[in-house]
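S.K.: Take a look at this one; I'll ask things after.
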Amino acid sequence: MEQTHKKNAAGVKDKRRKLVDATMRRHGHSSYALIETLHSVQEVYGYLDDENLRYVAQALRVPLSKVYGVATFYHFFTLKPQGEHTCVVCTGTACYIKGVPAIMSAIKKNYSVDPGETTSDGQVSVLTARCIGSCGLAPAVVFDGEIAGKLTPDDVVERIGRLIQNDA
């Protein structure tokens, strides 16, 4: 069953959709390929938008409610576009005890952003993780994939500021 490809304003087939189709084809368009397909969508589009969720549901013959259920259950998936940079605050027990509430408060105060949101300029997405496995570095934060530990609220605010300024 050949799926239609998402086309851009010029009517050109979207190469990203071809990558998603390849994932589904590799798994025989089986409903068991749902998570793998959602990973592909997020990898190539950056997030799971409504249009692609509907497309995956139709292509894999899975109820849309199930697709949304999987997309919202797993912490890795996001339904909103992410910023240019990511700031993932560990909320595990060690990090929490050693200062995560103050870090989150400082982020909110300085950048007006809550966990799961992106700064108004689209530069930094602030996320949380239940544990990043760096308890010895508590409190720990992952900035663009790099772990930083033993941070104060001021350290985190300053690092986010540097991420934003480096793109300006």
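S.K.: Could you grab me the full set of residues in region 99-121 that are more than 12 Å from LEU163 (Cβ to Cβ) and either assigned to a loop (DSSP other than H, G, I, E, B) or of a type in the set (Asp, Glu) (or both)?
M.R.: GLY99, SER112, VAL113, ASP114, PRO115, GLY116, GLU117, SER120
S.K.: Restrict the check to region 151-162 and report whether at least one residue is surrounded by 13 or more Cβ atoms within 10 Å (Cβ to Cβ), in a loop (DSSP other than H, G, I, E, B) and more than 15 Å from the chain's Cα centre (by Cα).
M.R.: Checked against the condition, which is being surrounded by 13 or more Cβ atoms within 10 Å (Cβ to Cβ), in a loop (DSSP other than H, G, I, E, B) and more than 15 Å from the chain's Cα centre (by Cα), region 151-162 yields at least one hit.
S.K.: Could you figure out which of (1) modelled with pLDDT of 95 or more; (2) more than 19 Å from the chain's Cα centre (by Cα) isn't true of ASP167?
M.R.: (1)
S.K.: Sticking with this one: I'd like the full set of residues that are among the basic types (Lys, Arg) and in a strand (DSSP E or B), limited to region 129-150.
M.R.: none
S.K.: Then there's this: What residue, among those in region 72-106 that are at pLDDT below 95 and of a type in the set (A, V, I, L, M), is farthest from ASP144 (Cα to Cα)?
M.R.: Among those that are at pLDDT below 95 and of a type in the set (A, V, I, L, M), it is LEU79.
S.K.: Let me ask you something else. Can you tell which of TYR74, TYR47, TYR96 is surrounded by fewer than 18 Cβ atoms within 10 Å (Cβ to Cβ), within 30 Å of ILE164 (Cβ to Cβ) and in contact with a Cys (Cβ under 9 Å, 6 or more places away or on another chain)?
M.R.: Within the list TYR74, TYR47, TYR96, the selection yields TYR96.
S.K.: Kindly indicate whether any position in region 132-141 is on the phi > 0 side of the Ramachandran plot, in contact (Cβ under 8 Å) with a residue 12 or more places away in the chain and within 19 Å of the chain's Cα centre (by Cα).
M.R.: Scanning region 132-141 turns up no residue that is on the phi > 0 side of the Ramachandran plot, in contact (Cβ under 8 Å) with a residue 12 or more places away in the chain and within 19 Å of the chain's Cα centre (by Cα).
S.K.: Would you be able to tell me the number of residues in region 24-58 that are touching a His at 6+ places or on another chain (Cβ under 8 Å) and more than 13 Å from VAL70 (Cα to Cα)?
M.R.: 0
S.K.: Could you identify the single residue in ALA148, ALA106, ALA138, ALA129 that is more than 11 Å from VAL89 (Cβ to Cβ) and either of a type in the set (Gly, Ala, Ser) or surrounded by fewer than 19 Cβ atoms within 10 Å (Cβ to Cβ) (or both)?
M.R.: ALA138
The values are calculated or read from the model by the stated rules, or taken from the named source; none is laboratory data. Quick caveat, the model's predicted, so the values are computed rather than measured. All Cβ positions, glycine included, derive from the backbone under ideal geometry; neighbour counts span all protein chains shown.
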